Amino acid sequence: GPMVQIGAALMHAIGDHLPKRLQVSRQHLLAAGGAAGIAAAFNTPLAGILFAIEELSRGLERRMSGLIITAIVIAGIVAQAYFGTYTYFGWLNTSGMDTAEHPIGLLLAAALVCGVAGGLFARLAILTATGLPGRFGHWRRHHPVWFAAGCGLLIAIIGWLSGDLTYGTGYGEAKHMLMNPGDETMPWHFGLDKFAATLISFASGVPGGIFAPSLSIGAGLGQNLHFLTEAENMTAITSALCMAGFLAAVTQAPITAFVIVMEMIDGYALVTHLMIVSLLASVISRAISPPLYRSLAAIYLRHGGNPATEAARKVETDK
């Protein structure tokens, strides 16, 4: 997402001005910056550390841990000094889980739905990054600006049809579903609409987020699963479970997914349930798609950047 990119870019710039005796490898700086971006954006310092370990740098060296923790501590201090102490989505009432009639069935259903949906999202995202087939691929390669404009038009149409609910990160909609259980003002198709809008936005080649939109998509999917239980307050809990499940399926980083949601909703009472859904959804996703971030990194390194961006540069060069 943008905060990972911004954080990594800032740390890269800082590295250019470090004295020689303090030189740090670019990989370490990028990982620390990306982790700090996650920690600051969502006020989730623990998730930032785990994101760096699980996704950005799977071969983490001991000396790198100090750099990551230092960057996250600084990011956390600045974020809390500016915004104050808060949880990203607020406090979630988890008492409904104690009275749920079929908790295991609910967890399995959430993992299955999120695993399939998240795996499909990741597979389609990788497909758009490697190059769309047929006429769409030709249009994107030779007319990248017009292609992006067409994607913007599609996103606008989806937003209009959804009642302006799919614009932005989806933070407001996800928080509404978590904090207002039982409120039927959110349409049943919100999760599907946000899924399509986010994927089209990604395909356009314009830098955008995956973390925050994935959380809102998961919340929408969870709202559609609340019928599996009659317990009170379960709509919000099901949304929280699917937020973790869908994010885990998209990123295939289950530990980061359940920890980030746990920190966002102050939902330590749900830690076991979030863990189960995240792990199962990630396993299901792996059967559908290769890891999203590693696949995108390989594509970008091979092409020297975003394929759509490179196509735009080529068009400008040929003029």
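Every number in this text was worked out from the coordinates using simple rules, so none of it is lab data. Remember, it's a predicted structure, so these values are computed and weren't measured experimentally. Backbone-built Cβ (ideal geometry, glycine too); neighbour counts: all protein chains shown.
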Original post:
How would you order 153-162, 251-260, 38-47 from highest to lowest mean count of nearby Cβ atoms within 10 Å?
Top reply: 251-260, 38-47, 153-162
Original post:
Where does each of ARG140, ARG123, ARG135 land when they are ranked from fewest to most other beta-carbon atoms within 10 angstrom?
Top reply: ARG135, ARG123, ARG140
Original post:
Roughly what % of Cα-Cα distances in the stretch 95-303 sit above 32 Å, to the whole percent?
Top reply: 17
Original post:
Sorted by average packing, counted as other Cβ atoms within 10 angstrom per residue and highest first, what order do 196-204, 114-122, 234-242 take?
Top reply: 234-242, 114-122, 196-204
Subject >> Computed label-point distance, nm, for sites ASP266 and ALA298 using a 7 Å Cα→Cβ extension >> reply: 4.3
